[in-house]
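The values are calculated or read from the model by the stated rules, or taken from the named source; none is laboratory data. Worth saying up front: this structure is predicted, and the values here are computed from it rather than measured. Cβ coordinates were reconstructed from backbone atoms using ideal geometry, including for glycine residues, and neighbour counts include every protein chain displayed. In case anyone asks, the SASA skips ligands and DNA or RNA and just uses the protein heavy atoms, side chains included. Shrake-Rupley method; radii C 1.70, N 1.55, O 1.52, S 1.80 Å.
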Amino acid sequence: LELGLNQAERLGRALENVLISGSLRTGRQTLSMEVVDVGELLDNIESDHLGVGLDIRVEKRPLFASADEHAFRIILENLLDNARKYGGDAEQGIQLSARDVDGKLEVVVTDEGIGFEPADAESLFAPFERGVAAKKTPGMAGTGLGLTISRELARRMGGELEATSEGPSRGSTFRLTLRLSEKKEDAGP
């Protein structure tokens, strides 16, 4: 039953990614920038992923970002889904951290899984693309849209999404940067 529920959840996210991809291409995807309490958002994500081996750390609280909260959550869910699929066994876990780096929010998702060749990092963000190691690993099916959508959403919010790895079997790190917000009132356009 648990496996069936997990698969239904993954299929729901895959369908959402396909719909968002179409909306982004046609320009119908609009974002509503607001002040997002990063710690609260990550607490909600943590409670949704209990038992996954997820280690979440927020450098300081409160920590606010200027973002579209739904788009921010989609990015994080896509990164966590990738980390679960390609990140090795649950005992190694997934690390998600958030902190202020030089006046920007930096959210990092790290796993100890299959990794990728450093030269392949940019190609991971191409639509329908997966890393070489992922293509060779059975059961690694996905739409190939999650990272494409996530980077586009990050950029539309004035941020960036990058991937790094020290090579195959050496894990992956995805780094999302967004604009910090000092207080609840200054979300900006």
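Residues of region 48-86 that are part of a loop (DSSP other than H, G, I, E, B) and open to solvent by 30 Å² or more (accessible area, probe 1.4 Å): Leu50, Gly51, Val52, Gly53, Glu59, Lys60, Arg61, Pro62. More than 18 Å from Gly87 (Cα to Cα) and either acidic (Asp, Glu) or modelled with pLDDT under 80 (or both): does that describe Glu166? Here the answer is no, as Glu166 does not meet what is asked.
Residues are listed down the side, and each one gets a yes or a no for (1) of a type in the set (S, T, N, Q); (2) in contact (Cβ under 8 Å) with a residue 60 or more places away in the chain; (3) over 20 Å from Asp48 (Cα atoms):
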residue: Glu59; (1), (2), (3): no, no, yes
residue: Pro62; (1), (2), (3): no, no, yes
residue: Ile75; (1), (2), (3): no, yes, no
residue: Leu80; (1), (2), (3): no, no, no
residue: Tyr86; (1), (2), (3): no, yes, no
residue: Ser97; (1), (2), (3): yes, no, no
residue: Gly103; (1), (2), (3): no, yes, yes
residue: Val108; (1), (2), (3): no, yes, no
residue: Asp111; (1), (2), (3): no, yes, no
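Of these, Ile45, Ile94, which one is more than 15 Å from Leu176 (Cα to Cα) and surrounded by fewer than 19 Cβ atoms within 10 Å (Cβ to Cβ)? Don't jump to the end; show me each part of the working.
Numbers: Ile94 fails: surrounded by fewer than 19 Cβ atoms within 10 Å (Cβ to Cβ).
Among Ile45, Ile94, only Ile45 is more than 15 Å from Leu176 (Cα to Cα) and surrounded by fewer than 19 Cβ atoms within 10 Å (Cβ to Cβ).
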